[in-house]
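**Q** Mind looking over this structure? Questions follow.
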Amino acid sequence: MSVSVIAIDGPAGAGKSTTAVAVAKRLGFAHLDSGSLYRAMTLAALDAELPIDGQRIAALAESLPVRLALTADGFRPEIAGVDVTNAVRAASVTARVSEVAALAPVRTAVGIMLRAAASAHPRGIVMDGRDIGTVVFPQARVKVYLTASSVERARRRLAQEGRSVHAVAVQRESDALDARDTADAGRAVAPLAQAPDAVALDTTEMTFEEQVDTIVLLARKAFS
Ligand code: CDP
């Protein structure tokens, strides 16, 4: 029997992970943040001072290893057995992750880990990322493409990180998110894109509860 998958894709800072965590909790599914694995590959490469070379980064990740470890409510990224959930959110990683995520050997390695993690899980999975509905799980029964205006996404990201939400900071963050989205959408392999059968959800004017409710409802219909 194939595992039930809810794929949540969309641009940076759209709230995919927080939404995915809440949806998973409501449905008793496990959550898997695919971006955390690209971030862990990037952190490993930066720590080892490797050049941005797909083969070498994939080989390093296999030897350390970089992996997803099972937790009570989902998965967390580990490097050589150490939990790197917080370390992968460092600004130095964010600045380089799109470059690393564009490399085919890195995407192949991450894709294998994502599919293995999902298929080993007895419950359903809520997976968020950029290419989950298009490449990793094109057969997912529920696909959501989560967006919000870049200014709103910047505001939420600053607030989430406890930083000051003034106009200059919002503009700077919004520019950084836009740059990452342009890189993610413009790459040759598995670019950020809305799957033709995904439900687009623009959350600019929605409350968090509304967006979670909407996805839970889609899932209940699909899996009933
Ligand atoms: O949380 P945030 O929106 O900042 O990004 P993330 O989900 O942690 O993803 C970080 C980066 O990993 C993205 O900017 C993409 O370059 C890459 N990524 C990807 O290429 N494919 C995925 N399925 C998930 C993330």
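The values are calculated or read from the model by the stated rules, or taken from the named source; none is laboratory data. All of these numbers come straight from a predicted model, not from anything done at the bench. Cβ sites come from the backbone with ideal geometry, for glycine too, and all protein chains shown count toward neighbours. Surface areas here come from the heavy atoms of the whole protein model, side chains and all, with no ligands, DNA or RNA. Shrake-Rupley method; radii C 1.70, N 1.55, O 1.52, S 1.80 Å.
**Q** How do the pairs read when you match residues in the range 8-22 that are in contact (Cβ under 8 Å) with a residue 12 or more places away in the chain and β-branched (Val, Ile, Thr) with residues anywhere that are more than 7 Å from the ligand (Cβ to nearest atom) and in a helix (DSSP H, G or I), using Cβ under 7 Å and keeping only pairs 6 or more apart or on different chains?
**A** Every condition considered, the pairs that remain are Ile8/Thr19; Ile8/Ala20; Thr19/Gln211; Thr19/Val212; Thr19/Ile215.
**Q** So, one more: Working only within the range 125-144, note down all residues that are open to solvent by less than 30 Å² (accessible area, probe 1.4 Å) and either more than 16 Å from the chain's Cα centre (by Cα) or not charged (D, E, K, R) (or both).
**A** Hits for the range 125-144 are Ile125, Val126, Met127, Gly129, Ile132, Gly133, Val136, Phe137, Ala140, Val142, Val144.
**Q** When only residues in the range 170-210 that are in contact with a helix residue (DSSP H, G or I) (Cβ under 6 Å, 6 or more places away or on another chain) and part of a helix (DSSP H, G or I) count, which is surrounded by the fewest Cβ atoms within 10 Å (Cβ to Cβ)?
**A** So the residue we want is Asp178.
**Q** Here's something else I'd like to know. Go through the range 28-60 and give me each residue that's in contact (Cβ under 8 Å) with a residue 60 or more places away in the chain, touching a helix residue (DSSP H, G or I) at 6+ places or on another chain (Cβ under 6 Å) and open to solvent by 10 Å² or more (accessible area, probe 1.4 Å).
**A** Matches in the range 28-60: His31, Asp33, Tyr38.
**Q** Shifting gears a bit: Considering each of Gly35, Gly13 in turn, give the residue that is within 19 Å of the chain's Cα centre (by Cα), modelled with pLDDT under 95 and within 16 Å of the ligand (Cβ to nearest atom).
**A** When all the criteria are applied, what remains is Gly13.
**Q** Of the residues in the range 183-224, how many are within 21 Å of Tyr38 (Cα to Cα) and not charged (D, E, K, R)?
**A** Number satisfying all stated conditions: 11.
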